[in-house]
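Visitor: Supplied in structure tokens, the structure appears directly below.
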Amino acid sequence: MSHEPVTERIRRHLIGLRMPRALEALQTVQSQIEQGQLTALEAIEMLLGEEYSTRESRRVKMALQTARLTVLKTLAGYDFSFQPSLERSRVMALAELGFVDRRQCVHFLGPPGTGKSHLAVALGVEAVRAGKSVFFATLAELVDSMRKAEREGKLRERVKFLSRYSLLIVDEIGYLPLGSNGGNLFFQLVNACYERCAMIMTSNRGFSEWGEIFGDPVVATALLDRLLHHAIVVPIEGNSYRLREHAALIPEHLRNRPALNEGNASAAIKRRPGRPRKEEAASMPG
């Protein structure tokens, strides 16, 4: 048996196991044991807890960077009182992440500045903390990256990469023109993600306007066919969340904008000619 002091052996074990935070806490924990403030089991739990918390914080930080969630938003930081049309309980139910496990698509619809991106990012943060893989991008960024991959002959690999995440967040649908072939490229991504991964989408435009957004009503119908199947649509009415402190400076005719409601989803579905069969997917636009 080694005559080396127990504390030194523990210290050596912690170094060997690469547990630097537990090593830092060892002296404090030992002192609390000697003062009768901790039992042996409580001391072990404290050392392991310190190390676990540090590692978990590091994991979340790295996962958020990988997800491109560099500007953190939380549900606690969202002012639900400013948007009375939005049911807080409904959003908090989404934070339980059942929609991710069910591979559903969540749509946040509403005028600019009503907090759609805030909620999308906040749910992404919750998913990262729960150990889910997440990727965030605007629609324009996604299409640009796919257009570049297509030029380089790597479109298939890019689509495979983007569709492997547990949750894909697509922000700002309808804000910027997609340009040539953008709708076809986005369809290929949506088709790859359909029933394989969950998605969150934010848009300031109703579903009835998607033909204009994507430059082709056929492409829009094919997209909606997949994105409205198993969908959760959350309309947000009201004024700009970002400009709430400067409401007096906003012209009267811009203060009360029409809401984007779930009725657009029903209208879009009624107009489409029918759901494409699986074997037809490969021949769809793109």
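The values are calculated or read from the model by the stated rules, or taken from the named source; none is laboratory data. Note that this is a predicted model, so its numbers are computed, not measured. As a convention, Cβ positions derive from the backbone with ideal geometry for all residues, glycine included, and neighbour counts pool all protein chains shown. Ligands, DNA and RNA are stripped out before the accessible areas are found, and what is left, the full protein with its side chains, is counted by its heavy atoms. Shrake-Rupley method; radii C 1.70, N 1.55, O 1.52, S 1.80 Å.
Visitor: Can you tell me how many residues in segment 139-174 are within 24 Å of Gly113 (Cα to Cα) and either buried (at least 18 other Cβ atoms within 10 Å of the Cβ) or touching a Leu at 6+ places or on another chain (Cβ under 8 Å) (or both)?
Guide: Looking only at that region, the number is 12.
Visitor: Next question, about the same structure. Looking at Leu14, Leu26, Leu47, Leu41, can you tell me which residue is part of a helix (DSSP H, G or I), exposed (fewer than 11 other Cβ atoms within 10 Å of the Cβ) and not small (Gly, Ala, Ser)? Reasoning before the result, please.
Guide: Working: Leu14 fails: exposed (fewer than 11 other Cβ atoms within 10 Å of the Cβ); Leu26 fails: exposed (fewer than 11 other Cβ atoms within 10 Å of the Cβ); Leu47 fails: exposed (fewer than 11 other Cβ atoms within 10 Å of the Cβ).
Exactly one of Leu14, Leu26, Leu47, Leu41 is part of a helix (DSSP H, G or I), exposed (fewer than 11 other Cβ atoms within 10 Å of the Cβ) and not small (Gly, Ala, Ser), namely Leu41.
Visitor: Being in a loop (DSSP other than H, G, I, E, B) and either under 19 Å from Val134 (Cβ atoms) or open to solvent by 50 Å² or more (accessible area, probe 1.4 Å) (or both) is the filter; apply it to segment 103-114 and report the residue that is modelled with the lowest pLDDT.
Guide: Our first condition is that a residue be in a loop (DSSP other than H, G, I, E, B); within segment 103-114, this holds for 103-104, 110-114.
Pick out the ones that are also either under 19 Å from Val134 (Cβ atoms) or open to solvent by 50 Å² or more (accessible area, probe 1.4 Å) (or both) and you get 103-104, 112.
Numbers: Arg103: 97, Gln104: 97, Pro112: 88.
Among residues in segment 103-114 that are in a loop (DSSP other than H, G, I, E, B) and either under 19 Å from Val134 (Cβ atoms) or open to solvent by 50 Å² or more (accessible area, probe 1.4 Å) (or both), the one modelled with the lowest pLDDT is Pro112.
Visitor: Return the total of residues in segment 76-102 being modelled with pLDDT under 95 and open to solvent by less than 70 Å² (accessible area, probe 1.4 Å).
Guide: Final tally of qualifying residues: 8.
Visitor: Got a sec? Which of Leu86, Leu69 is assigned to a loop (DSSP other than H, G, I, E, B), under 26 Å from Cys197 (Cα atoms) and not assigned by the TED database to the domain that holds Leu176?
Guide: Result: Leu69 is the single residue among Leu86, Leu69 that is assigned to a loop (DSSP other than H, G, I, E, B), under 26 Å from Cys197 (Cα atoms) and not assigned by the TED database to the domain that holds Leu176.
Visitor: Exactly one of (1) in contact with a helix residue (DSSP H, G or I) (Cβ under 9 Å, 6 or more places away or on another chain); (2) under 27 Å from Gly131 (Cβ atoms) is unmet by Ser89. Its number?
Guide: Every condition holds for Ser89 apart from (1).
Visitor: Output yes when any residue across segment 208-219 is open to solvent by 30 Å² or more (accessible area, probe 1.4 Å), at pLDDT below 95 and within 30 Å of Thr66 (Cβ to Cβ), and no when none is.
Guide: First, the residues of segment 208-219 that are open to solvent by 30 Å² or more (accessible area, probe 1.4 Å): 208-209, 212, 215-218.
With at pLDDT below 95 added as a condition, the list becomes 208-209, 212, 215-218.
Right, trim to within 30 Å of Thr66 (Cβ to Cβ) and you get none.
No.
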